[in-house]
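Notes follow the structure.
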Amino acid sequence: MTSELSVSVGDLIGVPGKERPFSGTRSVSLRLGETSIEGPMSVSGRVVGLIDAVKAEFTASAEAHFACIRCLAEWDDTVSVEGEQYFRRTPDEDGYGIVDGNIDVSGPAQDELALGLPAAPLCREECLGLCPTCGTDLNSDPCGGHGDEPDSPFAALKDLFDS
């Protein structure tokens, strides 16, 4: 199967410094918590020849959908990462190698994009989140409080930590 991000490198191996630019897109589906990417990933970069391998240097970017972990606000933004991958005739532990004189940069680019997603996205650093009692978004509507807390079988335990 030929990928748009498959690059012919047979003439680069053993020729240190010789390089070839590449670019292309590939559809990806990534999810980390409530952050997701569904759609095209754009990749561009260059492949540089080494004595017994090649090195791909690239930039990968895609449109991601985020949800703030504090207030649940949702937004879309572009995630862009840089990466590099060495390819040898023998595949590495991730299975990336030179096959029939070609490399496929889409796997390493997708890996770097996944690592570039935030584990705990915030809409802004000073996000106040939601009121734990009523769920009001404290960024747009400050909550005035809720009076006395209802009786709870755990109410007696509250005073244990107020020392």
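Identify all residues within region 31-74 that are of a type in the set (Lys, Arg) and in contact (Cβ under 8 Å) with a residue 60 or more places away in the chain; write none if there are none.
The first filter runs over region 31-74 and keeps only residues of a type in the set (Lys, Arg), leaving 31, 46, 55, 70.
Listed by number, the list holds a single entry, ARG70.
When we screen GLY45, GLY33 for residues that are among the small types (Gly, Ala, Ser), open to solvent by less than 50 Å² (accessible area, probe 1.4 Å) and out of contact with any helix residue (DSSP H, G or I) (no Cβ under 7 Å at 6 or more places or on another chain), the only hit is GLY45. In region 127-145, the residues that are over 10 Å from CYS71 (Cβ atoms) form Cβ pairs under 9 Å with partners that are of a type in the set (Ser, Thr, Tyr) and in a loop (DSSP other than H, G, I, E, B), at six or more places apart or across chains, as follows: PRO142/THR136; CYS143/THR133; CYS143/THR136; GLY145/THR133. From the list ILE69, ILE103, the lone residue that is at pLDDT 90 or above and either part of a helix (DSSP H, G or I) or under 22 Å from GLU19 (Cα atoms) (or both) is ILE103.
Of all positions in region 82-99, at least one carries a residue that is over 15 Å from PHE22 (Cβ atoms) and touching an Asp or Glu at 6+ places or on another chain (Cβ under 7 Å).
Taken over region 79-122, the criterion of being acidic (Asp, Glu) and in contact with a strand residue (DSSP E or B) (Cβ under 9 Å, 6 or more places away or on another chain) is satisfied by GLU82, GLU84, ASP92, ASP94, ASP104, ASP111, GLU112.
In summary, THR35 fulfils each of the numbered conditions (1) touching a Pro at 6+ places or on another chain (Cβ under 6 Å); (2) over 29 Å from ALA119 (Cα atoms) with the single exception of condition (2). Are any residues in region 5-30 open to solvent by 50 Å² or more (accessible area, probe 1.4 Å), touching a residue at least 24 places away in the same chain (Cβ under 8 Å) and closer than 22 Å to PHE66 by Cα, and if so, which ones? ARG26 - this is the single residue of region 5-30 that is open to solvent by 50 Å² or more (accessible area, probe 1.4 Å), touching a residue at least 24 places away in the same chain (Cβ under 8 Å) and closer than 22 Å to PHE66 by Cα.
With the structure loaded, tell me whether GLY107 is of a type outside the set (Phe, Trp, Tyr), over 24 Å from GLY33 (Cα atoms) and open to solvent by less than 40 Å² (accessible area, probe 1.4 Å) or whether it fails that test.
On the way: of a type outside the set (Phe, Trp, Tyr): yes; over 24 Å from GLY33 (Cα atoms): no; open to solvent by less than 40 Å² (accessible area, probe 1.4 Å): yes.
No, not satisfied.
Taking the residues in region 17-47 that are in a loop (DSSP other than H, G, I, E, B) and modelled with pLDDT under 95 as candidates, determine which candidate is nearest to ILE98 (Cα to Cα).
First, pick out the residues of region 17-47 that are in a loop (DSSP other than H, G, I, E, B): 17-18, 33-34.
After this cut, where a residue has to be modelled with pLDDT under 95 as well, the list is 17, 33-34.
Details: GLY17: 18, GLY33: 34, GLU34: 35 Å.
Looking at residues that are in a loop (DSSP other than H, G, I, E, B) and modelled with pLDDT under 95, I get GLY17.
Looking at region 72-92, which of the residues that are over 15 Å from the mean Cα position of the chain (by Cα) and surrounded by 19 or more Cβ atoms within 10 Å (Cβ to Cβ) is farthest from ALA119 (Cα to Cα)? Within region 72-92, the match that is farthest from ALA119 (Cα to Cα) is PHE87. Filtering region 2-16 to residues that are in a loop (DSSP other than H, G, I, E, B) and either touching a Lys or Arg at 6+ places or on another chain (Cβ under 9 Å) or aromatic (Phe, Trp, Tyr) (or both) leaves SER3, GLU4, LEU5, VAL9, ASP11, LEU12, ILE13.
The values are calculated or read from the model by the stated rules, or taken from the named source; none is laboratory data. A quick note: this is a predicted structure, and the numbers were derived from the prediction, not measured. A quick note on method: Cβ atoms are made from the backbone with ideal geometry, for glycine too, and the neighbour counts reach across all protein chains shown. SASA here: full protein model, heavy atoms, side chains in, ligands and nucleic acids out. Shrake-Rupley method; radii C 1.70, N 1.55, O 1.52, S 1.80 Å.
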